[in-house]
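Visitor: Sharing a structure here in structure tokens format.
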Ligand SMILES: [Zn+2]
């Protein structure tokens, strides 16, 4: 029997390509995010705040029952320093069991763009009271 082994040696430079400086001289940063805006996540925001942390909550306003009826609470969460991010308006997915307007396999690119823009418009209007604030987007269903 013959054994053949390959050894790959890579030389890594000791010099970093770049360095980061965290706010207030901190040594690291931690990102905690939640998708969809479930009721339990409003409780998580409170727990995070009590522990001195802030999180990011990606809302899809019309995808479920926990966002629009609780707009005021989500606005309060934003005002407490948590990030409210866009997760599209209806949370479309590659799922043939979803209605046509939420099934990515049937949607046009314009409809997908409208999803992002509608979610963005809702957040700016109802969470940020019409002001533009820095925030991020998280695509739904790993698309
Ligand atoms: Zn989601």
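Visitor: Mind counting the residues in the stretch 32-53 that are over 15 Å from residue 85 (Cβ atoms) and touching a strand residue (DSSP E or B) at 6+ places or on another chain (Cβ under 6 Å)?
Guide: 0
Visitor: Taking the conditions exactly as written (modelled with pLDDT of 95 or more and within 16 Å of the ligand (Cβ to nearest atom)), does residue 137 satisfy them or not? Before the answer, list the steps.
Guide: Values: modelled with pLDDT of 95 or more: yes; within 16 Å of the ligand (Cβ to nearest atom): yes.
Spelling it out, residue 137 is indeed modelled with pLDDT of 95 or more and within 16 Å of the ligand (Cβ to nearest atom).
Visitor: Can you tell me which of 22, 74 is over 18 Å from residue 140 (Cα atoms) and either modelled with pLDDT of 95 or more or under 15 Å from the mean Cα position of the chain (by Cα) (or both)?
Guide: Working: 22 fails: either modelled with pLDDT of 95 or more or under 15 Å from the mean Cα position of the chain (by Cα) (or both).
Selected residue: 74, the only one of 22, 74 that is over 18 Å from residue 140 (Cα atoms) and either modelled with pLDDT of 95 or more or under 15 Å from the mean Cα position of the chain (by Cα) (or both).
Here's the yes/no breakdown for (1) touching a strand residue (DSSP E or B) at 6+ places or on another chain (Cβ under 7 Å); (2) within 16 Å of the ligand (Cβ to nearest atom); (3) modelled with pLDDT under 95:
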| position | (1), (2), (3) |
| --- | --- |
| 30 | no, no, yes |
| 55 | yes, yes, no |
| 64 | yes, yes, yes |
| 69 | no, no, no |
| 79 | no, no, no |
| 84 | yes, yes, no |
| 98 | no, yes, yes |
| 110 | no, no, no |
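Visitor: So, one more: Six or more apart or on different chains, Cβ atoms under 6 Å: show the pairs whose first residue is in the stretch 114-143 and within 16 Å of residue 37 (Cα to Cα) and whose second is more than 16 Å from the ligand (Cβ to nearest atom).
Guide: Every condition considered, the pairs that remain are 126/71; 127/75; 127/78.
Visitor: Shifting gears a bit: Going through the stretch 107-143 one residue at a time, which ones are surrounded by 14 or more Cβ atoms within 10 Å (Cβ to Cβ) and part of a loop (DSSP other than H, G, I, E, B)?
Guide: Passing the criteria: 107, 128, 135, 138, 139.
The values are calculated or read from the model by the stated rules, or taken from the named source; none is laboratory data. Computed from a prediction, not measured in an experiment: that's the story for all the values here. Neighbour counts run over all protein chains shown; Cβ positions are idealised from the backbone, glycine included.
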